[in-house]
Amino acid sequence: MRMFPTCALLLAVVVGASTGIAQAEPGAIHEGITVASSALAVDRTADTSGLVPPSRMSPGTATLDPSTRRIVVVGDSILFSRPTPGTRTNQIVPLTLAALNSRSPGTTVSNRSLPGLSTLHLFDQRATTVRQHLTRILDTGDPSPDVVVVAVSSIDINLFPDIPVTSLAPALVNELRAIETMLAARGVNTVFVPAFGINSDLYNDMRNLSAPFRDYRFDERVNTLNELLRASGLPMLFHRFARLDQNGDGNADRRYFIGFDSLGEWPDDGIHPNALGERVFGDNLANGLIAALERR
């Protein structure tokens, strides 16, 4: 599941056209074309009490049709839910599904996330971009969803730590607008979710095991990116994640990242959340979607 430890998330919600997603039964979770029915039995009974009230989030501007039922999620390795044998199932999408079903029974969620999914071709011309991935999904001709949730990844800003975020942001925002335009031409609406926070101390510890010490301050880069997204006018579900920085130091709390890989194959990188961090992500995503559905 954790194939790219330097990937963080881009998530956009796409509404209404032919998106190439096989039709799901109510309450189903798709992993590509495979329905994770065994995981569903556990995920549907997950404790969803204590969701972060929308008023505690930084409210977004996106609106969604209240009749929305079919949802597709597109993100990178933070959301990717096909674990290798022996690892736990990623809980972000199942938690979102459970919360949405409590409000709108019959909602389905299809997770089409892909490890290494980036916004731009900055780090590897062979990598798949969000626009390419969405085009392939849309071109398959399968029944369309009501909403596709796509999301903003920090991979493009973090793999080039010497380039200021303010220099990279215009290209990133322009590409997100191009994605929105492409989907609109197909009759599909789009909303975005901000980049997930990073614990720079954990990331520094990991990188500095094999290199001279450097303070990467990726948490600050993510915060800068999210503020630029807020100012961009893009339709955001929300502008920052609630509960991720409870001590108020501007750094996503390390307790949300410690021990993210249950097999111990990957060191803690401060980027990929553990089960508790996935709960925070799922709570924010569910509340952002519910707020957008009720805002209209």
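The values are calculated or read from the model by the stated rules, or taken from the named source; none is laboratory data. Given the structure is predicted, the values throughout are model-derived calculations rather than measurements. We place every Cβ from the backbone using ideal geometry, glycine too, and count neighbours over all the protein chains shown.
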(request) Please give the number of the condition ASN174 fails out of (1) closer than 19 Å to THR68 by Cα; (2) surrounded by fewer than 16 Cβ atoms within 10 Å (Cβ to Cβ). (result) (1)
(message) So, PRO212, is that one more than 24 Å from ARG243 (Cβ to Cβ), out of contact with any Cys (no Cβ under 8 Å at 6 or more places or on another chain) and in a loop (DSSP other than H, G, I, E, B) or not?
(response) yes
(message) Among the residues in the stretch 75-97, are any assigned to a loop (DSSP other than H, G, I, E, B), out of contact with any Leu (no Cβ under 6 Å at 6 or more places or on another chain), charged (D, E, K, R) and surrounded by 20 or more Cβ atoms within 10 Å (Cβ to Cβ)?
(response) no
(message) Give me the residue from the stretch 259-278 that is within 14 Å of the chain's Cα centre (by Cα) and outside any loop (DSSP other than H, G, I, E, B) and, out of that set, surrounded by the most Cβ atoms within 10 Å (Cβ to Cβ).
(response) GLY277
(message) Going through ALA286, ALA292, ALA184, ALA195 one at a time, which residue ends up being in a loop (DSSP other than H, G, I, E, B) and among the hydrophobic types (A, V, I, L, M, F, W, C)?
(response) ALA195
(message) Tell me yes or no: at least one residue of the stretch 216-225 is within 16 Å of the chain's Cα centre (by Cα), of a type outside the set (Ser, Thr, Tyr), under 27 Å from GLN91 (Cβ atoms) and not in a helix (DSSP H, G or I).
(response) no
(request) Search the stretch 103-155 for residues being in a loop (DSSP other than H, G, I, E, B) and among the β-branched types (Val, Ile, Thr), and hand back the single one that is farthest from ALA171 (Cα to Cα). (result) THR107
(message) For the list (1) out of contact with any helix residue (DSSP H, G or I) (no Cβ under 8 Å at 6 or more places or on another chain); (2) over 30 Å from LEU97 (Cα atoms), I need the number of the one condition that ARG214 fails.
(response) (1)
(message) Which count do you get for residues in the stretch 259-281 that are under 17 Å from ASN90 (Cβ atoms) and modelled with pLDDT of 85 or more?
(response) 15
(message) Any residue in the stretch 260-278 that is under 24 Å from ARG217 (Cβ atoms) sitting within a Cβ distance under 6 Å of a residue that is surrounded by 18 or more Cβ atoms within 10 Å (Cβ to Cβ) and hydroxyl-bearing (Ser, Thr, Tyr)? List the pairs, counting only those 6 or more apart or interchain.
(response) ASP269/TYR203; GLY270/TYR203; PRO273/TYR256; LEU276/TYR256; GLY277/TYR256
(message) Can you tell me which condition GLU31 does not meet? The list is (1) under 30 Å from GLY233 (Cα atoms); (2) modelled with pLDDT under 85; (3) surrounded by 17 or more Cβ atoms within 10 Å (Cβ to Cβ), and all the others hold.
(response) (1)
